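See structure below.
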Amino acid sequence: MASDSSPVQESRPARIRAWPARIWHDAFGRVTEAEGFYRHRAPVRLTHWINALCILFLLGSGLNIFNAHPRLYWGMTGADSEQPFFSLGAVDSATGPMGITQIGPWQFNTTGVLGWSKAMGEFQPRGWPEWVTIPGFQDLADARHWHFLFAWILVFNGLAYLAYSLWSRHLQRDIWPSGADIRAIPRSILDHIKLKHPTGDAARRYNVLQKLAYLGVTLLVILMVLTGLTMSPGFNAIFPWLLDLFGGRQSARSLHFICASLIVLFVIVHLVEVVLAGPINEVRSMLNGWYRIPKDHSGEGS
Amino acid sequence: MADVKDITRRIAILGGLGGAGYLIAKADTLTLGASFSHVAKAVEDWTMTAQRGLLGDRLAREYSPSDISPVFKPNGTFNPGTDEYNAHAAQNFAGWRLRIYGLVNKELSLSLAELRRLPRRTQITRHDCVEGWSAIGMWTGVPLGLLLKAASLKTNARYAVLRCADNLTGEPSKGGEQSPGQYYESIDLRDAFHPQTLMAYALNGKPLDVAHGAPLRLRVERQLGYKQAKYVQSIEITDSFAGIAGGKGGYWEDRGYEWYAGI
């Protein structure tokens, strides 16, 4: 193992590469000696957490902005007189106001959560409830301020991450799937279904589904930025072709929302995987870089 | 074991997590604070610098007649409803005059009939409300730059401040501060002299109706809907808008919205 040449370790400084084992505290405070490696370098960790904060604020402020006109359309235009394919609204009923979520031809009663919910202690027509929006109270102007602040941070942070990852070959080596990875997709799917997490040498690399998920979410963030810019009338005059690329201004707005939903899905799966794979070890590796290699209990492999 | 580097790193990690936690927990309170508006202003300036750097004199997209929205949603004030405005409306705005004054060498006061005789531009453009919806309409009007040239601006002129006939009492969907106030807007000369910036008197080939800003409204096509001031009575040329109303350059600007509404 000392001569291990897994790709993630290749270019580490000697001080780190020569480091074979370490005393670890496990989740229960027990001290064990196990092999580990320096999995996440500082720029990756820093940009990861800045990104997480940005995503949180962008989602919260985005939902507050959405509440100003909680309807989604397809095409160049769309307003009250057009039929939305998705909307959150409130209607009167015999039993009082109801929150209605409309998706295509279907309508769902979502009273109390979507369309009609309590904010500042009072029930009111409101797309998304106060506990998911930033700020909690309905305030389009300030939600936009939060949104654009974190949008700029996201862009610079994302560019820094991409530049570093390309320069250090982190992207090419650790994230871009190899041919062998692609061929291993069925097996990896099976491993995920069985909740089987890699041990030993395999734990030094991302599995192929993980690689595809990270690439996918990177693409989603790029799409978020582009669809967001396509909603800007100033930016439309700069790059009008973006309007055509996304099928119109309202389509771009809808795609912005759909991509945001997919990012939420990614975050949920990401967090579930962190918990399943060992939350202490995973979170620590993203805080100080060190990842303890889970012991191989099955006896296969080295 | 724990050397200085380790401790520094721990402080950095805990400090970072603590700072992020504080931001998340206090977002609502921070929103209402003065320092947040300073941050918001800095971000707005940065956005404007970035966009303007790329924009130059580029035109907003113009659409074809078949793209025109069947219904162009009116918003904000639907009818100023004052006695004076009602009297103008009853006479089909025959007595309405647009006054251009301030840092000009030649004050102008133009009737609608006079404006209609001036060179006009017709453009089919998309209107994007800050709330999120869009509509396409065909606007006809006098390029504002033409009027400003006729008024001959003084060298210290920087802004065109448009005052409107409506007292807006807010739009609940926007949330935030909704105090009533006289509607006004301001744009700088770069936008004022842009070829698509019009003082529009017709929508879709018909004289502007009351809900859409009769008899005269601004079209500044590379910005959001709230910049498109309706019911325009006068244009004051100034070197600053700090002393006007809330000092932020517009009705919605005084209520927290960006002065540069290109995004």
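Mind ordering B:44-53, A:272-281 by average Cβ neighbours within 10 Å, highest first?
Top to bottom by mean Cβ count within 10 Å: B:44-53, A:272-281.
For an R0 of 45 angstrom, estimate the FRET efficiency from the Cβ-Cβ distance between A:Ala42 and A:Lys295 and round to the nearest 0.05.
0.95
What is the distance in Å between the Cα centres of the stretch B:184-254 and the stretch A:172-206?
59 Å
To the nearest 0.05, how large is the calculated FRET efficiency for B:Arg10 and B:Ala94 if R₀ is 60 Å and r is the Cβ-Cβ distance?
With R0 = 60 Å, the Cβ-Cβ based efficiency is 0.20.
What's the magnitude of the charge dipole for chain A around its Cα centre, counting Lys and Arg as +1 and Asp and Glu as -1 at the beta-carbon? Answer in Debye, nearest 20.
940 debye
To the nearest 20 Debye, how big is the dipole of chain B about its Cα centre, given +1 on the beta carbon of each Lys and Arg and -1 on that of each Asp and Glu?
Approximately 660 debye in magnitude.
Among B:Gly33, B:Gly170, B:Gly181, determine the one that fluctuates most according to a GNM of chain B built with springs between C-alpha atoms less than 10 Å apart.
In this elastic network of chain B, the residue with the biggest mean-square fluctuation among B:Gly33, B:Gly170, B:Gly181 is B:Gly33.
Grab the DSSP H runs of chain B that are 4 residues or longer, score each as -39,500 (n - 2.57), total them, divide by all residues and round the 222 nm result to the nearest 500 deg cm²/dmol.
One gets -8500 deg cm²/dmol as the mean residue ellipticity at 222 nm.
In chain A, which whole DSSP H runs stretch at least 15 Å along their own axis (Cα) and average 0.5 or higher on the Kyte-Doolittle scale?
A:42-67, A:140-167, A:208-230, A:249-277
Between A:Val267 and A:Val91, what is the label-to-label distance in nm when each label sits 7 Å out along the Cα-to-Cβ direction?
My value for the distance between the label points is 3.1 nm.
FRET efficiency for B:Ala150 and B:Arg58, Cβ-Cβ distance as r, R0 = 22 Å, nearest 0.05?
According to the calculation, E is roughly 0.30.
I'd like the Karplus ³J(HN,Hα) series for the stretch A:82-99: coefficients 6.51, -1.76, 1.60, θ = phi - 60°, whole numbers in Hz, and an x wherever there's a Gly or Pro.
Whole-Hz 3J(HN,Hα) from phi for the stretch A:82-99: 8, 7, x, 8, 8, 8, 10, x, 10, 10, 7, 9, 4, 9, x, x, 10, x.
How far apart, in nm, are two points set 7 Å out from the Cα along the Cα-to-Cβ line at A:Leu162 and at A:Lys194?
3.8 nm
Sort A:Val208, A:Val113, A:Val269 by Cβ crowding within 10 Å, fewest neighbours at the top.
If I rank by nearby Cβ atoms, fewest first, I get A:Val269, A:Val113, A:Val208.
Would you mind giving the mean number of other chain beta-carbons within 10 Å of the Cβ of each residue in B:170-177, as a whole number?
The shielding value for this peptide is 6.
Let me check I've understood the local charge: for A:Ser285, count other residues with C-beta under 10 angstrom from its C-beta, Lys and Arg +1, Asp and Glu -1. What total comes out?
+3
Under a no-solvent Debye model with one identical scatterer per Cα of the protein assembly as shown, what's log10 I(q)/I(0) at q = 0.07, 0.10 Å⁻¹?
For the requested q values the scattering log ratios are -0.52, -0.91.
For chain B, take the alpha-carbon Rg, divide it by the Kirkwood Rh, and send me Rg/Rh.
Ratio value, two decimals: 1.09.
For peptide B:53-59, what's the mean number of Cβ atoms from other chains within 10 Å of each residue's Cβ?
Neighbouring Cβ atoms belonging to other protein chains average 3 per residue here.
Computed from the coordinates by the stated procedures, all read-outs in this text should not be read as laboratory data. Remember, it's a predicted structure, so these values are computed and weren't measured experimentally. Note: ideal-geometry Cβ built from the backbone for every residue, glycine included; neighbour counts use all protein chains shown.
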